[in-house]
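The structure under discussion appears below in the form of structure tokens.
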Amino acid sequence: MSASAPIALPPPMREALEAAYATPPRAYHNLDHVAELLRHYDAVAAGEGWAQPVEVWLAVLYHDAIYEAGRDDNEARSAQLAAEAIARWVPDAGIDVARVGALIGLTARHGSHAPGDFPDDAQGDDTRRFLDCDMAILGAEPAAFDAYDRGIASEYRHVPRWLYALNRRRFLKSLLARERLYLDDGFHARLDAQARHNLRRAVTTKR
């Protein structure tokens, strides 16, 4: 699942994870999304490195394992699923299960974190970079960003279009208003300008 996977998942663990991401069918929060996060995970692993590579890697794999658009407990349920999977299939791997769950839980509040919310240490660096991996799509090339935006809209197809557009525009504008979109200085330098360009385009199209 990753060029720099720090552990090997037992086949039944991998199969159960893949099944979770297929339920329900998703236009964006699927295994393609996980693969993209793993690409950013690998880039950090090859550069600055991770203080807790196994825990961050597992948080990447499981952070959207349970996802139903509009529910507010997806992250908590995904963290619980990760804990159960670790206990069942890799109980003796020395994994800090609480740390995996804590990282997953933080993804519930994207757009509300600031760099100083986390300690100025190696674990804090892991947290900032993990969260930035999940937000990196905002700074992708326009075609990739537009595909992401369409995917989110598809996942909320049960919501009236006018209401979805209103709420989506409000969320995107709140991101644009933030002083920092990315918590880690490296992600900020690489992605902020493109992310703001993408967000401005998206806000304009949802008027």
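Each value in this text was obtained by applying a stated rule to the coordinates, not by laboratory testing. Computed from a predicted model, the values in this text were never measured in an experiment. Neighbour counts run over all protein chains shown; Cβ positions are idealised from the backbone, glycine included.
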Is the shape of the stretch 1-107 best called rounded, prolate or oblate, per the rule: a/c under 1.5 gives rounded, else a/b larger than b/c gives prolate, else oblate, with a ≥ b ≥ c the square roots of the Cα gyration tensor eigenvalues? rounded
Scoring the chain by relative contact order with C-alpha pairs under 8 Å, at least six apart, yields a percentage of 20
What is the set of long-range amide H partners of residue 51 at a cut-off below 5 Å, with H atoms built 1.01 Å from backbone N? 126
Positive-pole candidate from 123, 137, 80, dipole of the chain, charges at beta carbon: 137
Cβ-based exposure ranking for 187, 145, 171, 130, in which fewest neighbours within 10 Å come first: 171, 145, 187, 130
Log entry: pair-distance distribution for the chain, C-alpha pairs binned every 10 Å from zero, whole % per bin is 8, 34, 38, 17, 3, 0
Using only Cα atoms, tell me the angle between helix 31-46 and the longest principal axis of the chain; keep it within 0 to 90° and round to the nearest 10. 70
When the charge dipole of the chain is computed with +1 on Lys and Arg Cβ and -1 on Asp and Glu Cβ about the Cα centre, the Cα farthest towards its positive end, among 46, 183, 16, belongs to 183
Could you size up the charge dipole of the chain around its Cα centre, putting +1 on the beta carbon of Lys and Arg and -1 on that of Asp and Glu, and report it in debye to the nearest 20? 1360
